[in-house]
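Encoded as C-alpha cells, the structure appears first; notes follow it.
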Amino acid sequence: MGNMAGTATSIASVSESNRSRIMHHLYQHGVSSRAQIAKALELTPAAITKITAKLLDAGVIEETGDLEGSKNRRSIGLKLDKNAFHVIAVKFARSLVQIGVFDLAGTPLTVRDLPQITEDTISETVNLLHAIINDMIHADSAIVAVGMAVPGPYLRHIGRTAVVSSMRGWQRVNFLDEFGGAFPVPVFVEQDARAGAFAQYLFDPSVADDGLAYYLIGEGVGLGVIDHGSMINGAMGAATEIGHVSIDIHGKPCECGNVGCLERYCSTPAIHEMIVNEGDLIDNASQLTHTQAARTLFAMAKHGNERAIQLVRQVGQYIGFGCVTIFNAFNPAQIVIGDIVSEAGPLLLDEVKTVVNQHVIPELNEATTITLSELPADAALGGGAAVAINQFLEHPSMFFELT
C-alpha cells in the first residue's frame, strides 16, 4: 500500500514538473504552438496535448489565433497572459516597508510606501499590512498570491530573520506565523537578496542562468545566488550572507556578533553615518532618512562635488571587496549590483571594478560580468513579486484545480 502511495506521489510530482516546465516556457518565450513546446521540452506531442488541455480548462493559459507552422501547416498558439493574473508584493527593509500590486511580467500596477517605521511602530505596521493586503485582495479578483521580501539571514523553515542590524525589533516578527494563513491566497516569504535574484532572473532577459549573483546593497547588504537554475539556500536558509562576511578583523562590531561585517561599511545606514561624520557636507544630515542621505550624496557626486565623489569611491571599494568574496565563493557568470546604493551609478561601478581587477584571479575576472541592475530602484519589491510569480510558475496546482 505504501509503495502504491509513493508511486502516485511520484506520478503527481512528474505531472506538476511538466506543467511547470510548460508554464515557464510560455512565460519566457511568449506564444508557442504545442509542437514547439514538445520540441523545446523534449516531451511527446501527446503528453503536451494532455497537459495543456488541463491548463486550458483551468483557465491558466489560453489559445490564440493560428501560427505559421512548419511546412506551412497552420497551428494554434498557446499563451500565458501576463496581464490576467496579479500578485501582491511586500518589501521589508527595516525602516521602510513598501507594498505593491504587480502583473506577471513584473510591471508595478500600484506601489505605496508605508509610514516611516521605528522600533516602536513595528507591530502597528504589521497590523496595517494585514488591513491593506485584505483590502487589495478584495478589490482585485486577479490577485493569486502574496510575495514578501525580508532581510536576511532569514531562517526559512522557522519564519524569522536571525539578525536585523539597526532595527532589532523585526527579529521578533515570525513572518510565516503572522502572514502564512492570514489571507484567501497563498503567501510566500523569501530573503530580500534572493527575491532580487528571482526578479533579475524572471524579468531581465539578458541575465545568465548558469550563474547569477544578485548583490543587494540598501538598508542592509545581501546576496542571492542562482547556480544553474537553482537558488542556493543552505541548511536553514541562511546561506550567501555576504553582509555578515568580515572585511576587517579589527573592524566595527556588528549586532550579529562578528566584527568588520561588510554591511557596516557600505549599507545606507553606514553611508549615512559617514555623511554625518563629515560634518558640514550635507545640511541637517542627521535629520534625513538613510535613503535620503545616500541619494543626496550620490546627486552631489554626480554634480562634481569632490568630497562626495571621494565618499562614493570609498563605498565602492568596500563593495568591491564584497565582490572579491563573491568571485571566490560562488564563481558566478554575472554579478548584478542592485537596490538603493546602485543608484550611485558608473562612478561606484568603476571603483568596484578597480578593486576586482587588482584582487581577483584573472581567469575568473575575464569570465564574469559586473553590472548595475537595470531594474527599477524598488527591485526588492519587484523581488517580492518575483517570489510569488516563481511559485505560480513552479507549482500551478497550488492555485488551480488541475487533477
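The values are calculated or read from the model by the stated rules, or taken from the named source; none is laboratory data. Note that the structure is a prediction, hence the values are computed from the model and not measured. Cβ placement follows ideal geometry from the backbone for every residue including glycine, while neighbour counts extend to all protein chains displayed. Heavy atoms of the whole protein, side chains included, go into the accessibility calculation; ligands, DNA and RNA do not. Shrake-Rupley method; radii C 1.70, N 1.55, O 1.52, S 1.80 Å.
Among the residues of region 16-48, those that are open to solvent by 70 Å² or more (accessible area, probe 1.4 Å) and either part of a strand (DSSP E or B) or of a type outside the set (Gly, Ala, Ser) (or both) comprise Arg21, Gln28, His29, Gln36, Lys39, Glu42, Thr44, Pro45.
Determine the pairs where a residue that is under 12 Å from Ala58 (Cβ atoms), located within region 388-403, has a partner that is of a type in the set (D, E, K, R) and open to solvent by 20 Å² or more (accessible area, probe 1.4 Å) with Cβ atoms under 8 Å apart, the partner being 6 or more residues away or on another chain. Going by the 8 Å Cβ cut-off, the qualifying pairs are Pro396/Glu16; Pro396/Arg19; Ser397/Glu16; Ser397/Arg19; Leu402/Arg19; Leu402/Lys54. Examine region 141-155 for a residue that is in contact with a Cys (Cβ under 9 Å, 6 or more places away or on another chain), modelled with pLDDT under 95 and open to solvent by 10 Å² or more (accessible area, probe 1.4 Å), and state whether such a residue exists. Yes: one or more hits.
Here's the yes/no breakdown for (1) in contact with a Leu (Cβ under 9 Å, 6 or more places away or on another chain); (2) farther than 30 Å from Thr268 by Cβ; (3) surrounded by 12 or more Cβ atoms within 10 Å (Cβ to Cβ):
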residue: Ala53; (1), (2), (3): no, yes, no
residue: Ala58; (1), (2), (3): yes, yes, yes
residue: Ile61; (1), (2), (3): yes, yes, yes
residue: Ile88; (1), (2), (3): no, no, yes
residue: Gly106; (1), (2), (3): yes, no, yes
residue: Pro115; (1), (2), (3): yes, no, no
residue: Asp120; (1), (2), (3): no, no, no
residue: Glu124; (1), (2), (3): no, no, yes
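Among residues of region 231-241 being within 14 Å of the chain's Cα centre (by Cα) and open to solvent by 30 Å² or more (accessible area, probe 1.4 Å), the one that is nearest to Gly169 (Cα to Cα) is Asn233.
Against the conditions (1) closer than 23 Å to Arg194 by Cα; (2) of a type in the set (Asp, Glu); (3) surrounded by fewer than 18 Cβ atoms within 10 Å (Cβ to Cβ), Glu263 satisfies every one except (3). Would you confirm whether any residue within region 190-200 is free of Cβ contacts under 8 Å to residues at least 12 places away in the same chain and either of a type in the set (Gly, Ala, Ser) or on the phi > 0 side of the Ramachandran plot (or both)? No, every residue in region 190-200 fails to be free of Cβ contacts under 8 Å to residues at least 12 places away in the same chain and either of a type in the set (Gly, Ala, Ser) or on the phi > 0 side of the Ramachandran plot (or both).
As for region 352-371, it holds no residue that is under 21 Å from the mean Cα position of the chain (by Cα), buried (at least 22 other Cβ atoms within 10 Å of the Cβ), at negative phi and outside any strand (DSSP E or B).
Regarding region 231-241, can at least one residue be identified that is farther than 20 Å from Pro332 by Cβ and in contact (Cβ under 8 Å) with a residue 40 or more places away in the chain? The answer is yes, given that some residue of region 231-241 is farther than 20 Å from Pro332 by Cβ and in contact (Cβ under 8 Å) with a residue 40 or more places away in the chain.
Conditions tested, residue by residue: (1) farther than 20 Å from Met148 by Cβ; (2) out of contact with any helix residue (DSSP H, G or I) (no Cβ under 8 Å at 6 or more places or on another chain); (3) among the hydroxyl-bearing types (Ser, Thr, Tyr).
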| site | (1), (2), (3) |
| --- | --- |
| Val187 | no, no, no |
| Gly222 | no, no, no |
| Asp227 | yes, no, no |
| Ala235 | yes, yes, no |
| Ile242 | yes, no, no |
| Val245 | yes, no, no |
| Gly260 | yes, yes, no |
| Ser267 | yes, no, yes |
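Here are the criteria: (1) on the phi < 0 side of the Ramachandran plot; (2) open to solvent by 50 Å² or more (accessible area, probe 1.4 Å). Tell me which single one Gly257 does not satisfy. Every listed condition holds for Gly257 apart from (1).
Taking the residues in region 242-254 that are without any contact (Cβ under 8 Å) to a residue 12 or more places away in the chain and assigned to a loop (DSSP other than H, G, I, E, B) as candidates, determine which candidate is most open to solvent (accessible area, probe 1.4 Å). For region 242-254, the residue satisfying everything is His250. Would you check if there is a residue in region 209-225 being more than 11 Å from the chain's Cα centre (by Cα), in a loop (DSSP other than H, G, I, E, B) and without any contact (Cβ under 8 Å) to a residue 40 or more places away in the chain? Yes - at least one qualifying residue is present in region 209-225.
Summed over region 294-317, the residues that are under 22 Å from the mean Cα position of the chain (by Cα) and open to solvent by 10 Å² or more (accessible area, probe 1.4 Å) give a count of 1.
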